[in-house]
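J.: Have a look at the structure that comes next, please.
Each value in this text was obtained by applying a stated rule to the coordinates, not by laboratory testing. All values derive from a computational prediction rather than experimental measurement. Don't worry about glycine lacking a Cβ; one is built from the backbone with ideal geometry, like all the others, and counts go over all protein chains shown.
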Amino acid sequence: MRSPPMSDRSAHGSNVFLTRPARHLLGVQGMHPTRITPILDLAENYTLLNRSRKTPRDLLRGRTLINLFFEDSTRTRTSFELAGKRLGADVVNMTVASSSVNKGETLLDTAATLNAMHTDLLVVRHSQSGAPALLAQKVQASVVNAGDGTHEHPTQALLDALTIRRHFGVFEGLTIAICGDVSHSRVARSNIHLLTAMGCQVRVVGPPTLVPGAIGALGVSIHHTMEDGLRGVDVVMMLRVQRERMKGTQVPSAREYFRFYGLDNKRLALAKPHALVMHPGPMNRGVEIDSRVADSDQSVIREQVEMGVAVRMAVLDILSRGGDGA
Amino acid sequence: MKPVLFENVRLIDPASGLDRAGRLLVRDGVIAGTDLPGAEGAPDGAEIIDGQNQLVLCPGLVDMRVTIGEPGFEYRETVASAARAAVSGGITTIAVLPNTSPTIDNPALARLLRARGEETGMIDILPYGALTRECAGKEMAEIGLLAEAGAIAFTDGPHAIADSRTMRQMLTYAKGFGALIVQHPEDPSLARGGCATDGELATRLGLPGIPAAAEAILIARDIRLARMTGGRLHFGHVSTAEGLDLIRAARADGVNVTCDTAPPYFDLNETVIGDFRTYAKLSPPLRAEADRRAVCAALADGTIDAIASDHMPCDADDKRQPFAVASAGGTGLSTLLAVTLAQVHAGNLGMSDAIGLLTHRPARLLRSDAGTLATGQAADLCLFNPDSGWIVRAGELPGKAQNTPFDGRALEGRVVGTWKNGQRVFWAQAA
């Protein structure tokens, strides 16, 4: 395992962020390794600080972070909330899913409201692809995309990358299988962009109705059986499958899905002996993943959650310095 | 009314094959002639417009696919604002789609729209009649009565007739009146929920896609129905290679089918939606580059009968939305000529052919006598400088709606003046 740089925050200063300053983190598409690596390094630091409970609570003191969630997500929201609080920010959660939007307030009205509140950091989740990008054009705050439609989920990809790096030390030469509902997955897209940029071989595995034909253009290989897709991989990354997709339009039933695309020990045995099992959560046990696999020694699902907080701290830290996003 | 004499202009009248330097005289609102001997002086008191051998004079353009906000969506565009935009683009006749609120499914409304056009004194409005009641795709509208009231063709606007049986009946019944049916060529079930053409870009952006084949699938069905029924069928804004191939083959086979396209489909490709640019969200969605090239080729080989602006006004609130939620459509009246001329400057179309696609060819499809410079015709005229450069700027276009997909596009070709029935209705200050 590669030892992470132990420098403190100030050592990162401006020198590693020489490139164009960006105010927002809207996606990882097109992000260069020279930008990704410093985020992972900083997050590695925050992992240690989190464990020793000595996070710099003065860093974002007086800054306001709003978690603006147009779609409910307890995990991601909590992760950002902890990240903000551990850096000393004033954190407010706004779940808009059922309130203002139904009253006809537009996204841009919401933006105007947030500007009036002098928000510094805005974490946005929205069911529509591109919604955070639209908000970013109109708000004074730095926007972090916490998942938009089927477009991107950049902090998920960063935390997945950090988890992988902690186990393998490097990215080059690794083969990663991303399995399940790739079509509707922002997690898959962000991971594809980030992991291919870092030099991994990425495979996508799933039924043809859940894998877009054009995904090959993103530099991945397409596999329609788990047996084909999992052979010899270093990492098996499972995606959550929405139950409503398994009512006959894209997949005939949950039991058929599990039979052919669920991850069980037998299929996992096709991967390399100590291959990692990852899942962005929340899991559908018995649909895309067998409980014995989810709870096995190869599973790093809980570590992903821990890395999530650290990566989000790193992102908030960098953006609050007016530093680099994407 | 003073006579107007155009001198030292390049006269282009594709209907008669006229394309030469010359003079044109307008008297009492009609074209008095184009064959005046060079020596003959101007009539007494005539206004003289000197083209200085740089300007082209052609018939006022006939735009066969326009959405206006009236009635029902006046916040987007009114007849008056659409007229201002049209004449700034040299357009003097517009055919307007019936999917307004209320829909143009009754004869009184068709008459009203014609009258609203006349009131402007700038443009003629040729109303489309709804093909089905409320453009809902189910019950037949009163095609005969609407035609009597001046509806020039029948369509449900941006909605395709999904049901094959209904489409068959429509083609069969309309045939009795010799009426033209205009279809939006997109299979509705394949298009449902989609907002971009399926492919790499839509996949990257995480936008729900519509396969380009949704066009060919509907075109193939309707061509077969047209062959079965003998009805007159026209496809609006055709945008894919495969769709155009089907139309080309059907015509070679003698099927009574025609089509138009719109400037975005030969001037832009899907990449302009870039990072969720909703002004470039159109219906049908912008296509891959190979399809754009196929549209250019079909313009050049004559498969496409007309170029229409496909003007669809939206206001800022319709467009400042996440991409999938934003309204589809772009303005096109004021840019129709200049974007078409880009095909001329690129060497893909001859000048006279390009003007034909914008004048007498759509007019002939709609059985209108507009779009020619024939002596005795109403003097609807467009005077333009084919080489004058300008940049399209959303927010600075004439008319109300500003949602142009061509924002920032540099173009060559600018309308200098527009005449309706011999009256000047537009004059550019510095063209």
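J.: Select from segment B:134-205 those trypsin sites (Lys or Arg not before Pro) which occupy a DSSP coil region and have at most 15 other Cβ atoms within 10 Å, ordered by residue number.
T.: For trypsin sites (Lys or Arg not before Pro) across segment B:134-205 that sit outside H, G, I, E and B with at most 15 neighbouring Cβ atoms in 10 Å, the list reads B:K138, B:R192.
J.: Build a GNM of chain B with springs between Cα atoms under 10 Å: which of B:H234, B:H159, B:H184 gets the top mean-square fluctuation?
T.: B:H159
J.: Which of the residue pairs A:K138/B:K281; A:K247/B:K138; A:K54/A:K138 have a Cα-Cα distance greater than 32 Å in the structure shown?
T.: With Cα atoms farther than 32 Å apart: A:K54/A:K138.
J.: Okay, next question. For segment B:271-288 and segment A:284-298, what is the separation of their Cα centres, given in Å?
T.: Each part's Cα centre sits 41 Å from the other's.
J.: Also, I was wondering about something else. Mind running the shape call on chain A? Use the C-alpha gyration tensor, a ≥ b ≥ c as the square roots of the eigenvalues: rounded below 1.5 for a/c, prolate if a/b tops b/c, oblate otherwise.
T.: Verdict is oblate for chain A.
J.: So for chain B, averaging the separation of alpha carbon pairs under 8 Å that are six or more residues apart and normalising by length, what relative contact order in percent results?
T.: Result for chain B is 20 percent.
J.: Would you mind working out the magnitude of the charge dipole of the protein assembly as shown relative to its Cα centre, with +1 at each Lys and Arg C-beta and -1 at each Asp and Glu C-beta, to the nearest 20 Debye?
T.: With only Lys, Arg, Asp and Glu charged at Cβ, the dipole is about 2460 debye.
J.: Are there any trypsin sites (Lys or Arg not before Pro) in segment A:240-279 that are in a DSSP loop and have at most 14 other Cβ atoms within 10 Å? List them by number.
T.: Of the trypsin sites (Lys or Arg not before Pro), the ones in loops of segment A:240-279 whose Cβ has at most 14 other Cβ atoms within 10 Å are A:K247.
J.: Return the percentage of antiparallel bridges among DSSP beta bridges fully within chain B, rounded to the nearest 5 %.
T.: 50 percent
J.: Next up: So if I place +1 on the C-beta of Lys and Arg and -1 on the C-beta of Asp and Glu, and nothing else carries charge, what would the dipole magnitude of segment A:154-302 be about its Cα centre? I want it in debye, nearest 20.
T.: Dipole size: approximately 220 debye.
J.: Here's something else I'd like to know. On average over all directions, what projected area in square nanometres does segment B:61-102 have, based on the convex hull of its Cα atoms?
T.: 2.6 nm²
J.: Per residue of B:204-215, how many C-beta atoms from partner chains lie within 10 Å of its own C-beta, taken as a mean?
T.: Mean shielding count: 5.
J.: I want to verify a result. In a Gaussian network model of chain B, Cα cutoff 10 Å, which of these has the top mean-square fluctuation: B:Q183, B:Q321, B:Q343?
T.: Residue with maximal mean-square fluctuation among B:Q183, B:Q321, B:Q343: B:Q321.
J.: Between the alpha-carbon centers of segment B:52-90 and segment B:164-220, tell me the distance in whole angstrom.
T.: 27 Å
J.: Answer with one residue from A:M226, A:P212, A:P252: the one whose Cα lies farthest towards the positive end of the charge dipole of segment A:154-302, charges on Cβ with Lys, Arg +1 and Asp, Glu -1.
T.: A:P252
J.: Lys/Arg Cβ at +1, Asp/Glu Cβ at -1, dipole of the protein assembly as shown taken about the Cα centre: which of B:S88, A:M237, B:G236 is farthest positive-ward?
T.: Positive-end residue among those listed: A:M237.
J.: Shifting gears a bit: Taking each residue in B:323-334, count the Cβ atoms of any other chain within 10 Å of its Cβ, then average. What number comes out?
T.: 2
J.: May I pose another question? Taking square-rooted eigenvalues a ≥ b ≥ c of the alpha carbon gyration tensor, is chain B rounded, prolate or oblate, where a/c under 1.5 means rounded and, failing that, a/b exceeding b/c means prolate?
T.: Cα axes put chain B in the prolate bin.
J.: While we're looking at this one, here's another question. Could you work out how far the C-alpha centroid of segment B:247-261 sits from that of segment A:123-168, in angstrom?
T.: 48 Å
J.: Less than 12 Å Cβ to Cβ from A:L195, Lys/Arg counted +1 and Asp/Glu -1: what total charge do the surrounding residues give?
T.: After counting each charged neighbour, the total is 0.
J.: Output the antiparallel fraction of DSSP beta bridges having both residues in the protein assembly as shown, as a percent to the nearest 5.
T.: Around 30 percent antiparallel, to the nearest 5.
J.: While we're on this one: Can you give me the distance in nm between label points at A:R231 and B:N53, each placed 7 Å from the Cα along the Cα-to-Cβ direction?
T.: 7.7 nm
J.: Along the charge dipole of the protein assembly as shown, pointing to its positive end and built from +1/-1 on Cβ of Lys, Arg, Asp and Glu, which listed residue (A:Q140, A:V311, B:L5) has its Cα farthest out?
T.: Of A:Q140, A:V311, B:L5, it is A:V311.
J.: Further question: Can you tell me the Rg and Dmax of segment B:333-431, counting just the alpha carbons, in angstroms?
T.: Here Rg and the maximum Cα pair distance are 14.3, 41 Å.
J.: Are there GluC sites (Glu not before Pro) in segment B:60-166 that DSSP marks as loop and that have at most 12 other Cβ atoms within 10 Å, and which are they?
T.: Sparse-neighbourhood loop GluC sites (Glu not before Pro): B:E139.
J.: Still on this structure: How well do other chains shield peptide A:145-152, expressed as the mean number of their Cβ atoms within 10 Å of each residue Cβ?
T.: 3
J.: To check you understand DSSP bridge types, tell me what percent of the beta bridges within chain A (both residues inside) are antiparallel, rounded to 5.
T.: 5 percent
J.: For a test of the definition: using alpha carbon positions, the gyration tensor, and the 1.5 limit on a/c, classify the protein assembly as shown as rounded, prolate or oblate.
T.: Here the protein assembly as shown falls in the prolate category.
J.: With springs only between Cα atoms under 10 Å apart, run a GNM on chain A and tell me which of A:Q304, A:Q242, A:Q140 wobbles the most.
T.: Comparing A:Q304, A:Q242, A:Q140 in the GNM, the peak value goes to A:Q242.
J.: So, with +1 on the Cβ of K and R and -1 on the Cβ of D and E, and no other charges, what is the size of the charge dipole of segment B:321-395 about its Cα centre, to the nearest 20 debye?
T.: The calculated dipole for segment B:321-395 is roughly 180 debye.
J.: Exposed loop sites here are GluC sites (Glu not before Pro) in DSSP loop states with at most 15 other C-beta atoms within 10 Å. What is the longest stretch of chain A lacking them?
T.: Formally, the longest exposed-site-free interval is A:173-326.
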